[in-house]
Ligand code: 26V
C-alpha cells in the first residue's frame with residue numbers, strides 16, 4: 001500500500017524526537033537524513049520479516065553470494081525508487097522546506113569494493129531482490145572502504161574513506177548472531193575407543209564476527225534480502241593482568257589484532273600481494289558465513305545431507321575460495337561426516353565465477369604461510385590436491401606439464417583458481433569471449449576433463465540505477481514513447497527502435513543529452529576550475545587505472561591532436577572534451593605515472609590559448625559509484641579500449657551504452673556482445689583481435705621502437721613526453737614503451753594499435769558532425785542495451801547454475 005506524505009511526516013518527526021530529541025525546525029541535515037533513513041529501514045524490515053518463513057524453508061533454495069567486495073554506492077535514492085516512495089518522501093520533506101536532492105548528496109557511498117567486480121556483486125543483489133528470489137550477499141564490514149582520491153599538483157593522493165560516520169544508518173547489528181572464528185594454533189591427533197582418529201585443534205586465537213546487515217530492496221518487489229557484512233572484534237577487550245603490570249599497549253594488543261581484520265579494504269585491485277592480513281580477512285568472513293549457513297540449516301533440517309538443496313553458495317572470483325575447505329572442515333570435524341560424503345555435498349553446493357585472466361591477479365598463497373595461519377584448512381587442501389593428482393594421472397597419464405599446470409599445490413604455492421575449478425559444479429566466465437578464453441587457455445585441461453562444468457554468463461548491470469535514477473529525463477522520454485514496461489523488462493527498451501527515423505524523438509534525445517552535459521559541465525567548473533564547451537564531444541574513459549585498459553592509448557591520441565594543432569594552428573577541428581576518471585592502486589607506479597601524465601596534459605592544454613577551445617582534458621577526482629551516476633548520462637563517446645583478450649567483460653561499457661554513448665572499442669570482453677547487439681554501424685571498432693594479439697605474442701618480434709622509427713606522429717608523441725608536458729618529463733612511461741625486447745616493452749601494444757585507434761577517432765568526429773546520424777546511433781545503443789540487464793544475468797545464474805526461482809512462483 002502507498003504512504004501519504006502526511007503519514008511520512010509523522011514518522012519522520014517521531015524518529016527525530018526519539019533518536020535525537022529534536023523538532024524538525026532545529027534538526028541538522030544529518031539528523032533529518034538519519035531520521036528519513038530510519039523510517040525507510042522500518043518499512044524494509046517489515047517486508048523482510050514477511051518473507052522469513054518462506055526463506056527459511058529448506059526446500060526453498062537460496063543463493064549465498066560470497067564476495068570480498070560489494071560496491072552498493074548510496075542507498076537512499078535507490079531504496080525510495082525501489083519501494084515506489086520517491087514522490088511521497090519528496091513531498092513530505094518539502095513540508096520542512098527540505099529538498100530531497102540535498103539529502104541524496106549528503107549520503108556517502110558504501111565503497112566496499114575496488115571496481116567492476118564489487119559493483120557487479122551489488123548489481124546482482126539488486127536483481128535477486130527485484131526478481132523476488134531469495135539470496136544474500138556475505139562480505140566484510142570494512143571500516144574504511146576504497147580510498148578517496150585527491151589530485152594534488154597533478155598526482156594522486158589517497159585519503160581514508162570513513163564511510164560509517166553516516167553510512168552506518170543502513171546497517172542493522174545482529175549481536176545475537178555473532179560467530180567465533182579460530183586462527184593459528186596446532187593440530188593434534190586423538191584416537192577414540194573405536195579406534196577412530198580425530199583431529200583436535202588447540203591453542204588457536206579466537207576472533208568474534210559480528211553481523212551488520214544491510215537490507216537489499218528490489219524494484220516493485222515483495223522480497224527484501226540482506227547483505228551481511230561481518231565486523232571483527234576480540235572476545236577480550238583488555239588483558240587486566242598485563243595492564244596491572246604496566247604493560248598498557250600490550251594489554252590491548254589482542255583486541256587490536258582482531259579489529260584490524262575488518263579495518264580496511266585492500267585497494268590493490270588485480271595485484272597479488274601475498275599478505276597475511278588478506279588471508280586472515282578471507283578466512284574470517286568465510287568461516288563466520290559458513291558457520292551461519294550450517295547453523296541455520298540445522299534449524300530446519302535434521303542433518304546436513306540436504307544442505308545443497310537449501311543453499312547454492314557462489315564464489316565471486318577466488319577470494320572466497322576458503323569456503324570449500326572450511327565447509328569440508330565443518331562437515332568432517334564438527335559433524336562427523338566422512339570425506340566422500342562431505343565432498344559430495346560440498347561440490348554440489350559450490351559454483352565459481354572467474355573475473356580475470358591477468359596472471360598477477362590469480363591468487364596464489366605461499367603454502368607455509370597458509371599452513372601457519374590455517375593449519376586445519378591446509379591439511380584439507382593437501383588432501384583435495386592429493387586426490388585430484390590421482391584423477392589427473394588417470395586423465396592425462398602422458399602429460400606431465402599439463403598435470404603440473406592443473407595442480408592445486410605446486411612449487412610451494414596454493415593456487416586458488418585450480419582449487420575452485422576442482423571443487424565447483426559449475427565455472428563461468430563473464431562474457432562470451434572471456435568464457436572461450438577460460439575453456440581454451442586458462443582452464444583448458446579442466447575443460448578437457450569436465451567440459452560440461454564450463455559455461456558463460458555475460459555480466460549485466462542494475463540498469464534502473466543508471467537509467468531511471470541517474471537519468472530521469474531519458475527515462476521519462478522512454479516511458480512516454482514505449483510505456484513503463486521497460487522498468488521490469490529491459491528487453492522492452494528495443495521498442496525505441498520504432499523511433500529511429502522520428503526527427504522529433506531524435507531531437508529530444510539530443511536535448512536531454514545536452515541538459516545532462518550542462519550538469520556535468522557545472523560540476524567540472526566547480527571541481528576542476530575548467531570551463532568546458534557543452535557543444536564539444538564528451539569523450540569518456542572512466543574505470544580503474546590499469547596498463548591493460550590502455551588509458552595511455554587515449555592520451556596518445558590527445559597528445560597527437562595537440563601536436564597537430566601546434567603545427568597547424570588554423571586546423572579545423574570538432575571541439576572535444578576528454579573526460580577521465582580513474583583510481584590507481586597506491587603502490588602501482590606506472591598507473592600513477594599515467595594519472596600524472598593526464599593531469600599535466602590537462603594543464604598544458606588549458607594554458608595554451610591556441611588549443612584550449614578545441615581540445616580539453618578533464619581528470620575527475622575520486623571516480624566512484626555516485627560520480628558515475630553523473631557522468632554516464634552526459635557521455636557521448638564510451639572509451640573501451642583494452643588490449644583484446646585482457647578485459648574479462650567490463651560493465652561501464654554497458655552503463656554508457658544505456659545512456660546513449662557510442663562505444664569506441666576493441667573486440668574485447670562484452671564489447672563483442674555490444675557489437676552483436678547494435679551492429680557495426682552503431683559503434684566504432686578498432687585494433688587487433690585476440691587471435692592477432694596471440695600471434696604477435698607467439699612470434700615475439702614486436703618492436704615498438706621500429707614503429708616509432710616509421711611513424712613520425714608516434715615519434716613526436718614520445719618526444720613530447722620525454723621533453724616534458726607542463727614541464728614534467730615522463731621518461732619512465734617512454735622507457736616502458738620502447739626499451740627492453742621480447743615482449744618486455746609495450747606489453748599491451750599501445751603503439752601497435754595507435755594508427756587504428758586514430759582512424760576510429762576520425763570516424764567518431766565525422767559521425768558526430770552528422771547530427772541526425774549520431775542521434776540515430778545513440779538511440780540504437782539505448783534500444784540495444786536491454787540484454788545487459790543484471791535481471792537477465794541473474795535469471796541465467798538462477799536457472800542454469802543455482803537452481804533457484806522466484807519464491808512466490810514455487811509457493
Ligand atoms: C584481485 C585482487 C588480487 C589480490 C589483491 C586484491 C585484488 C582485488 C581484486 C582482484 C580482482 C580482479 C578481477 C576483477 O576485478 N575483474 C573485473 O571483473 C569485472 C566484473 O566481472 C569485469 O567487468 C572486469 O572486466 C574485470 O576486470
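Computed on the Cα atoms alone, the convex hull of the stretch 21-97 gives a volume of 142 cubic angstrom per residue. With the biggest extent put first, the Cα atoms of the stretch 681-761 measure 40, 34, 19 Å across the principal axes. From the largest down, the stretch 142-240 spans 68, 47, 31 angstrom on the principal axes of its Cα atoms. For the stretch 386-454, with equal point scatterers placed on the C-alpha atoms only and solvent neglected, what are the log10 I(q)/I(0) values from the Debye formula at q = 0.18 1/Å, to two decimals? Evaluating at q = 0.18 Å⁻¹ gives log10 I(q)/I(0) of -0.67.
Inverting the pair-averaged 1/r between distinct Cα atoms of the stretch 610-665 gives 12.8 Å as its Kirkwood hydrodynamic radius.
Both radii come from the Cα set of the stretch 229-325: Rg as radius of gyration, Rh as Kirkwood radius; their ratio Rg/Rh reads 1.10.
Averaging the sequence gap over all C-alpha pairs within less than 8 Å and six or more residues apart, then dividing by the number of residues, gives the chain a relative contact order of 13 percent.
Taking the empirical scaling 2.2 N^0.38 Å for compact globular proteins as reference, the stretch 284-350 has a Cα radius of gyration ratio of 1.01.
Hey, if you drop one equal point scatterer on each alpha-carbon of the stretch 415-469 and run the Debye formula without solvent, what base-10 log of I(q)/I(0) do you get at q = 0.31 Å⁻¹? The Cα Debye sum returns log10 ratios of -1.27. Legend: translational diffusion of the stretch 594-693 by Stokes-Einstein, Rh = Kirkwood radius over C-alpha pairs, 4 °C, 1.567 mPa s; D = 86 µm²/s. Spatial offset of the stretch 431-475 relative to the stretch 144-212 amounts to 30 Å, using the alpha carbon center of each.
Over the stretch 198-280, what relative contact order in percent results from Cα pairs under 8 Å that are six or more residues apart? With pairs under 8 Å counted, the relative contact order is 23 percent.
Cα-based radius of gyration for the stretch 365-504, normalised by 2.2 N^0.38 Å, reads 1.66.
Between the stretch 749-811 and the stretch 533-601, the C-alpha centres lie 23 angstrom from each other.
For the stretch 167-318, a/c is not less than 1.5, where a ≥ b ≥ c are the root eigenvalues of the C-alpha gyration tensor, and a/b does not top b/c. That puts it in the oblate class. The Rg/Rh ratio for the stretch 288-423 is 0.98, where Rg is the radius of gyration of the alpha carbons and Rh is the Kirkwood radius.
Only counting other Cβ atoms within 10 Å, I'd like 347, 663 sorted with the fewest neighbours first.
Neighbour counts put them in this order, fewest first: 347, 663.
All C-alpha to C-alpha distances of the stretch 509-557, sorted into 5 Å bins beginning at zero, yield P(r) values of 5, 18, 20, 19, 19, 15, 5, 0 percent in whole numbers.
Per-residue Cβ neighbour counts within 10 Å put 674, 595, 9 in the sequence 9, 595, 674, beginning with the fewest. What shape does the stretch 656-811 have by the C-alpha gyration tensor, where a ≥ b ≥ c are the square roots of the eigenvalues, rounded means a/c under 1.5, and otherwise prolate means a/b greater than b/c and oblate the rest? Prolate. Sorting 328-338, 748-758 by average packing, meaning the other beta carbons within 10 Å per residue, from highest down gives 748-758, 328-338. Computed over the alpha-carbon atoms, the stretch 74-159 gives an Rg to Rh ratio of 1.06, Rh here being the Kirkwood radius from the mean inverse distance. Across the stretch 691-778, the relative contact order, built from alpha-carbon pairs under 8 Å that are at least six residues apart, equals 25 percent. If you model the stretch 78-122 as an ellipsoid using its alpha carbon gyration tensor, with each semi-axis the square root of five times an eigenvalue, the axes come out at 28, 13, 5 Å, biggest first. Can you pull the Kirkwood radius for the stretch 741-811, inverse mean 1/r over Cα pairs, to one decimal in Å? Here the Kirkwood hydrodynamic radius works out to 17.0 Å. What whole number of Å gives the distance from the Cα centroid of the stretch 493-514 to the Cα centroid of the stretch 67-129? Between the Cα centre of the stretch 67-129 and that of the stretch 493-514, the gap is 28 Å. Peptide packing for 637-644, 357-364, 192-199 was compared via the average number of neighbouring C-beta atoms within 10 Å per residue; ordered from the highest value, the list is 637-644, 357-364, 192-199. Fraction of C-alpha pairs exceeding 12 angstrom in the stretch 583-622: 60 percent, rounded to a whole number.
Taking max minus min of the alpha-carbon positions on each principal axis, the stretch 470-515 gives extents of 27, 25, 13 Å, largest first.
According to the square roots a ≥ b ≥ c of the eigenvalues of the Cα gyration tensor, what is the shape class of the stretch 40-193, taking rounded for a/c under 1.5, prolate for a/b larger than b/c otherwise, and oblate for the remainder? Because a/c hits 1.5 or more and a/b fails to exceed b/c, the stretch 40-193 counts as oblate. Translational diffusion of the stretch 510-614 was estimated from the Stokes-Einstein equation, with Rh taken as the Kirkwood radius over Cα pairs; at 25 °C and 0.890 mPa s the coefficient is 165 µm²/s.
Computed over the chain, the P(r) curve from all C-alpha pair distances, binned at 10 Å from the origin, holds 2, 13, 22, 25, 20, 12, 5, 1, 0, 0 percent per bin.
Would you mind telling me the antiparallel percentage of the DSSP bridges in the chain, rounded to 5?
Values: 36 of 81 bridges.
For the chain, the DSSP antiparallel bridge percentage is about 45.
Since every read-out is calculated from the coordinates, none of them should be taken as a lab result. Since the structure is predicted, the reported quantities are computational estimates derived from the model, not experimental observations. All Cβ positions, glycine included, derive from the backbone under ideal geometry; neighbour counts span all protein chains shown.
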